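Read the structure below first, then the notes.
No lab work stands behind these numbers, since they all come straight from the coordinates. Quick caveat: nothing in here was measured; it's all calculated off a predicted structure. All Cβ positions, even for glycine, are placed from backbone atoms using ideal geometry, and neighbour counts span all protein chains on display.
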Amino acid sequence: MPLHQKLKAWQHAQRLAVECVKAARGFPDYEQEALGDQLRRACYSVPLNIAEGSTRRGTREHRRYLDTAWSSLAEVQTALEIARDVGYLEPADYGRLEALAVETSKTLYGLLRKISDSSARLSTPR
């Protein structure tokens, strides 16, 4: 199993991406190329950047990919809120997806902290 697949942050992000793609299929046809595409791109970005970052040797570069994943996750959450507010998502579906997004954010934040703590230890003069 590749390293990134062992990461809880990636596992949650992957599940969120799959569920968001399924939800976006229910958007009206006229929104498929707008909000639907934006949601799909953002939700793909989260697990993809976690995976790519996990292959980087340098802490700074790894952190950069995780920061991109974090930003994309905020974009996913905002797209979900818009979809809910305009009636493309039922409240229960939004609640389920938002819960997945929150769980993803918690584990991704933990990974970001771990990387930051590791970086601080490495750069501290002895």
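From the set of residues in the range 64-85 that are under 18 Å from Lys22 (Cα atoms) and hydrophobic (A, V, I, L, M, F, W, C), which is surrounded by the fewest Cβ atoms within 10 Å (Cβ to Cβ)? Applying the filter and picking the extreme gives Ile82.
Scanning the range 54-64 for residues that are within 15 Å of Leu3 (Cα to Cα) and either in contact with a helix residue (DSSP H, G or I) (Cβ under 7 Å, 6 or more places away or on another chain) or touching a residue at least 24 places away in the same chain (Cβ under 8 Å) (or both) yields Ser54, Thr55, Arg56, His62.
Annotation: Ala74 fulfils all but one of (1) touching a Lys or Arg at 6+ places or on another chain (Cβ under 9 Å); (2) under 19 Å from Ala9 (Cα atoms); (3) among the small types (Gly, Ala, Ser); the unmet one is (1).
Per the conditions (1) under 16 Å from Thr107 (Cβ atoms); (2) surrounded by 19 or more Cβ atoms within 10 Å (Cβ to Cβ); (3) more than 10 Å from the chain's Cα centre (by Cα), the sole criterion not satisfied by Lys6 is (2). Go through the range 27-52 and give me each residue that's over 15 Å from Ala17 (Cβ atoms) and in contact (Cβ under 8 Å) with a residue 40 or more places away in the chain. Passing the criteria: Phe27, Pro28, Glu31, Leu35.
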